[in-house]
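Trainee: Structure incoming, see below.
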């Protein structure tokens, strides 16, 4: 295929060259109606790219097949059989994949380190999750993706499960043994969904971990805005193999998606694909070289440790590691990741990706260079030098990540939509949660609807909030109360 082409961008250029005049949405009419104060901040180019997808970019019956051509090029670029664009982020894409594989009350094997968007899919669909335990790192207090052996054991106990879902890479850059997990699924004629939101760049350089399609996954969900050059909310999901009907997947996406997709997001994804096919190996090679240098320089700072392959990869750990997430362990300093993140923003106007009780993740991409990383390194050196001046932070009460596991007593949907009441956190132990409670980022829920709350989990979250943890989806973000099922526990799988 001709990867010099960018069908969405080319159609947008034709739209402007023809002087198209819309008596249709969007109401700003190519910036003419936008508030001048908004135009001053955003620029007119944003509004000029904001046209209807059908009846604007393409005709009302989409006979130009602009989007179809762009999706075909994306599929060809990454060796998938089918690709679908989404302007609602990977949060929608992963739900579409889940609803294609399983229906209400059917089982789906799901890694318990899944993103909250996966849990939202369970709530909306009524799918019965069979949780597959991650690989816990009790020394560093984090989780890696579940092993192939764990999925094998889950299928043996639940042979009627319709498929499996795994997250890889994790937000910390660690990768699952996807080839082996795909084999576990396919020996049973079941599909594998991979939430690869953090892996859009993986197909475009041989020194990066294997990406989901090459590893045998059936559906792969990717966020173009995370590690690529797309705009926020730009997502694609890829499909291959005999286990999932592409028309059904497209219909599930149509069921959930917007009827007013953003051409701006389509254009960003289309242009990113062309950039990666033509220049990705060089750009990502430079990024990998830069990451190697940055990792070495951070490691040389007293009190800082960069988690690498020796920490994260090996027997009983992750299968591989993407080196572009520079995960910095702060255990050698008297400062938490929450404090470090706040200080870096306030003092140096630097924003990190993840902050937790002991580390920060400073994500590098092909867009970084020695200038951006020099600012980062200078700020980190000052952080280490001044860490002794930080006020003491309350300790987060977490002995082992495995201590956070709770019993699932109700389907997530039943608990979420059932009658509920807000109870004081001091009285919440033993109650069944009716909400998600999610430290964000990275957005992996600690509490799921339908789980029976334990004192260990409540103490962890309360101490986390005191230390700076953000719980944006809790009914009470300060966790003075917890939303619990009002009717008391019922048998798992109610209607």
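Bear in mind that the values in this text are calculations on the coordinates, not laboratory data. On a predicted model such as this, the values are computed, not experimentally measured, just so you know. For neighbour counting, all protein chains shown are included, and Cβ atoms are generated from backbone atoms with ideal geometry for every residue, glycine included.
Trainee: Hey, what does the equivalent ellipsoid look like for segment 1-103, semi-axes from the Cα gyration tensor as sqrt of 5 times each eigenvalue, largest first, whole Å? Working shown, then result.
Mentor: On the way: eigenvalues 167, 70, 37 Å².
Semi-axes from the Cα gyration tensor: 29, 19, 14 Å.
Trainee: Once you have the alpha carbon radius of gyration of segment 142-188, what is it after dividing by 2.2 N^0.38 Å, with N set to its residue count? Don't skip to the answer; put the middle values down first.
Mentor: On the way: Rg = 10.9 Å, N = 47, 2.2 N^0.38 = 9.5 Å.
Its radius of gyration relative to the 2.2 N^0.38 Å reference: 1.15.
Trainee: Counting helices only, and only those DSSP H runs with n ≥ 4, report the 222 nm mean residue ellipticity of the chain as the sum of -39,500 (n - 2.57) divided by its residues, in deg cm²/dmol to the nearest 500. Please report the intermediate quantities before stating the final value.
Mentor: Details: 16 runs with 182 residues, N = 495.
Per the formula, -11000 deg cm²/dmol.
Trainee: Just the Cα atoms of segment 339-439: what Rg and Dmax do they give in Å?
Mentor: 19.9, 55
Trainee: Distance between Cα centroids, segment 348-388 to segment 15-69: provide it in whole Å.
Mentor: 38 Å
Trainee: Sticking with this one: Bins of 10 Å, beginning at zero and ending with the bin holding the largest distance: percent of Cα pairs per bin for segment 185-335, please.
Mentor: Pair shares across the bins are 10, 30, 33, 20, 8, 1.
Trainee: Moving to a separate point now. Output the Cα-based Rg and Dmax of segment 280-389 in Å, rounding Rg to one decimal and Dmax to a whole number.
Mentor: 13.8, 43
Trainee: So for the pair residue 42, residue 299, with labels modelled 7 Å out along Cα→Cβ, what separation do we get in nm?
Mentor: Result: 4.5 nm between the two label points.
Trainee: How do 21-31, 405-415 rank on mean C-beta neighbours within 10 Å, highest first? Mind showing how you got there, number by number?
Mentor: On the way: 21-31: 13.0, 405-415: 21.3.
Taking the mean over residues of other Cβ atoms within 10 Å, the ranking is 405-415, 21-31.
Trainee: Another question, then. Please report the spacing between the Cα centers of segment 192-216 and segment 457-480 in Å, no decimals.
Mentor: A separation of 33 Å, based on Cα centres.
Trainee: For segment 65-263, take the convex hull of the Cα atoms, compute a quarter of its surface area, and give me that in nm², please. Could you put the intermediate results ahead of the total?
Mentor: Numbers: hull surface 43.7 nm².
Mean projected area of the Cα convex hull: 10.9 nm².
Trainee: So, R0 is 30 Å and r is the distance between the beta-carbons of residue 382 and residue 310; what FRET efficiency does that work out to, to 0.05? Mind dumping the intermediate values first?
Mentor: On the way: r = 27 Å, r/R0 = 0.91.
Once the sixth-power term is evaluated, E becomes 0.65.
Trainee: So what are the three principal axis dimensions of segment 21-70 from its Cα atoms, in whole Å, longest to shortest?
Mentor: Cα extents, longest axis first: 37, 23, 11 Å.
Trainee: How would you rank 282-288, 341-347, 461-467, highest first, on the average number of other Cβ atoms within 10 Å across their residues?
Mentor: Details: 282-288: 17.1, 341-347: 15.6, 461-467: 19.6.
Listed from highest to lowest mean packing, they are 461-467, 282-288, 341-347.
Trainee: While we're on this one: What ranking do 155-165, 293-303 get when scored by the average of other Cβ atoms within 10 Å per residue, highest first? Numbers along the way, then the final one.
Mentor: Numbers: 155-165: 17.8, 293-303: 15.5.
Packing order, densest peptide first, comes out as 155-165, 293-303.
Trainee: Could you check what % of the DSSP bridge pairs in the chain are antiparallel, to the nearest 5? It would help to have the intermediate numbers written out before the result.
Mentor: Details: 33 of 49 bridges.
If I count the DSSP bridges inside the chain, around 65 percent turn out antiparallel.
Trainee: Here is a further query. Between segment 93-158 and segment 314-343, what is the separation of their alpha carbon centroids in Å?
Mentor: The distance from the Cα centre of segment 93-158 to that of segment 314-343 comes to 24 Å.
Trainee: Once you have all Cα-Cα distances for segment 401-485, histogram them in 5 Å bins from zero and send the whole-percent values.
Mentor: Going out from 0 Å in 5 Å bins, segment 401-485 shows 3, 17, 29, 29, 17, 4, 1 percent.
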